[in-house]
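> Once you've had a glance at the structure underneath, I'll fire off some questions.
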Amino acid sequence: MIRALVIPAAALVLLSGCMGQQLSTGETPRDNFIQTGEVKVVPITPELVAANGPIAEAPASVPQELLSYQPSSYEIQPGDTLLVTVWDHPELSTPAGSQQQAVANGRQVQPDGNFFFPYAGKTNIKGKTIEQVRSMLTSKLGRYLNDPQVDVNVVGYGSRVTLQGAFTNPAPIDMTTVPMTLAQAVGRAGIDADRADTSGLLLTRDGKTYALDQDALNRNGSLAQDIYLKAGDRIFLPYNDRKEIYVVGEVTKPQSMSFRTTNLSLTQALGRAGGLEQSTSNASAVYVIRGSEDMKTTPATVYHLNIKSPAAYALADQFMLHPGDVVFVGAAGITRWNRFVNQLLPFSGILRNASLLNGNGSGL
């Protein structure tokens, strides 16, 4: 049984000759890809980069309905706490005592928008401005008081903007009498720079969700236009853990890497991986493997780049990667042959020893 597994020396010589012939023909993984027919191989050329570049670098836009919203005077919302001051009538203004905080003497707007104040009764003030509430209370109190002087201030806010996701401080932010923009809210919450995907920010308003690429909006030194927030807005900043590419093969540091911006170029990915291994890599065998949503009907695409020339790095810098891409750097021909020999020789040595032992044993 052991003798059947022994590889004769002649066979080793023949196998090495075949391997050497295969390496001398310059066959690359690309040839194998084409032969299988399961993938589409596309060379990375200036024409390809020119065709796809404008799409990757297209300036981000903001929906007009977001830009057109301009906050007016603050409108009272359920949950707000109002401090009503009636001058010369402390029993109405500070029922809890003048030494108490303003919130303790304030009165809260009910969930249905109703607000109660002595001698004025119950009034629905949801959506009313502070000036409108002051006029309403002055008119009602005038039935009992001679020329009442009324002042109204919001001392507690019930309306908020909700933040979720990759923020360092995702606590809800009160909507106050001072208008607040999206940039101010994001700045106050703080972005987790290592884990956030700034290209995928989502703003939900009145049941509709808007996708905003913050990275693209602020690209090349430009500043995103002000987007004013409304009470009840929800802001979600996704994590970048699902936005990864993978660099494998003959690079210094094979790894998966995430990116927080809109895109990542092939040059940047190779740079993060420490570049090509000088002694083992084949600079003509750099591939980007990109799958499709339905592999049964649409083949995967393999982009090929020969970066032996410096000009090729300019193409790599303009070639943008997609989440899920696999960057593969092939090994040089001599590297493949050396690895084959290193793996084969120990195995052949074991078989040779086993054959000798078996031959000695048969002679007893």
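> Residue by residue through segment 127-172, note down the ones that are within 30 Å of F259 (Cα to Cα) and buried (at least 16 other Cβ atoms within 10 Å of the Cβ).
V161, L163, G165, A166, F167, P170
> Another question, then. I'd like to verify a number: residues in segment 162-183 that are in contact with a strand residue (DSSP E or B) (Cβ under 9 Å, 6 or more places away or on another chain) and without any contact (Cβ under 8 Å) to a residue 24 or more places away in the chain, how many?
Total meeting the criteria: 6.
> Here is a list of conditions, (1) closer than 30 Å to N114 by Cα; (2) without any contact (Cβ under 8 Å) to a residue 60 or more places away in the chain; (3) not in a loop (DSSP other than H, G, I, E, B), and L202 meets all of them except one; can you say which number that is?
(1)
> Which residue is most open to solvent (accessible area, probe 1.4 Å), if the candidates are limited to segment 241-276 and must be at pLDDT below 90, of a type in the set (D, E, K, R) and part of a loop (DSSP other than H, G, I, E, B)?
The residue in question is R242.
> What about G187, is it in a loop (DSSP other than H, G, I, E, B), at pLDDT below 95, at negative phi and out of contact with any helix residue (DSSP H, G or I) (no Cβ under 7 Å at 6 or more places or on another chain)?
No: the conditions fail for G187.
> Scanning segment 48-86 for residues that are assigned to a loop (DSSP other than H, G, I, E, B) and aliphatic (A, V, I, L, M), which turns out modelled with the lowest pLDDT?
A58
> Hey, does segment 146-161 have a residue that's touching a residue at least 12 places away in the same chain (Cβ under 8 Å), closer than 29 Å to E65 by Cβ and part of a helix (DSSP H, G or I)? Before you say what the answer is, go through the steps one by one.
Residues of segment 146-161 touching a residue at least 12 places away in the same chain (Cβ under 8 Å): 148-161.
Then drop every residue that is not closer than 29 Å to E65 by Cβ, which leaves 154, 157-161.
Subset that is part of a helix (DSSP H, G or I): none.
For segment 146-161, residues touching a residue at least 12 places away in the same chain (Cβ under 8 Å), closer than 29 Å to E65 by Cβ and part of a helix (DSSP H, G or I): absent.
> Among the residues of segment 280-307, which ones are in a loop (DSSP other than H, G, I, E, B), touching a residue at least 24 places away in the same chain (Cβ under 8 Å) and open to solvent by 10 Å² or more (accessible area, probe 1.4 Å)?
Across segment 280-307, the qualifying residues are T280, G291, P299.
> For the list (1) farther than 30 Å from T176 by Cα; (2) part of a loop (DSSP other than H, G, I, E, B), I need the number of the one condition that G232 fails.
Status for G232: all satisfied but (1).
> When you scan segment 206-223, how many residues do you find that are at pLDDT below 80 and under 12 Å from L66 (Cα atoms)?
Qualifying residue count, segment 206-223: 0.
> Determine whether segment 128-140 contains at least one residue that is polar (S, T, N, Q) and assigned to a loop (DSSP other than H, G, I, E, B). Can you show your working first?
In the first step, residues of segment 128-140 are kept if they are polar (S, T, N, Q); the result is 129, 132, 135, 138-139.
Remaining after also requiring assigned to a loop (DSSP other than H, G, I, E, B): none.
No, segment 128-140 contains no residue that is polar (S, T, N, Q) and assigned to a loop (DSSP other than H, G, I, E, B).
> Count, please, the residues in segment 188-229 that happen to be out of contact with any Phe, Trp or Tyr (no Cβ under 7 Å at 6 or more places or on another chain) and open to solvent by 60 Å² or more (accessible area, probe 1.4 Å).
Selection size over segment 188-229: 13.
> Moving to a separate point now. Return yes when Y313 is under 30 Å from L217 (Cα atoms) and over 24 Å from the mean Cα position of the chain (by Cα) and no when it is not.
Yes, satisfied.
> Quick test of your reading of the structure: Q255 fulfils all but one of (1) more than 15 Å from the chain's Cα centre (by Cα); (2) farther than 30 Å from A331 by Cα. Name the failing condition by number.
Against the list (1) more than 15 Å from the chain's Cα centre (by Cα); (2) farther than 30 Å from A331 by Cα, Q255 comes up short only on (2).
> Does L351 fit the bill of being out of contact with any Pro (no Cβ under 6 Å at 6 or more places or on another chain) and at pLDDT below 85?
So L351 passes the test.
The values are calculated or read from the model by the stated rules, or taken from the named source; none is laboratory data. Note that the structure is a prediction, hence the values are computed from the model and not measured. A quick note on method: Cβ atoms are made from the backbone with ideal geometry, for glycine too, and the neighbour counts reach across all protein chains shown. All accessible areas refer to the heavy atoms of the entire protein, side chains included, with ligands and DNA or RNA removed. Shrake-Rupley method; radii C 1.70, N 1.55, O 1.52, S 1.80 Å.
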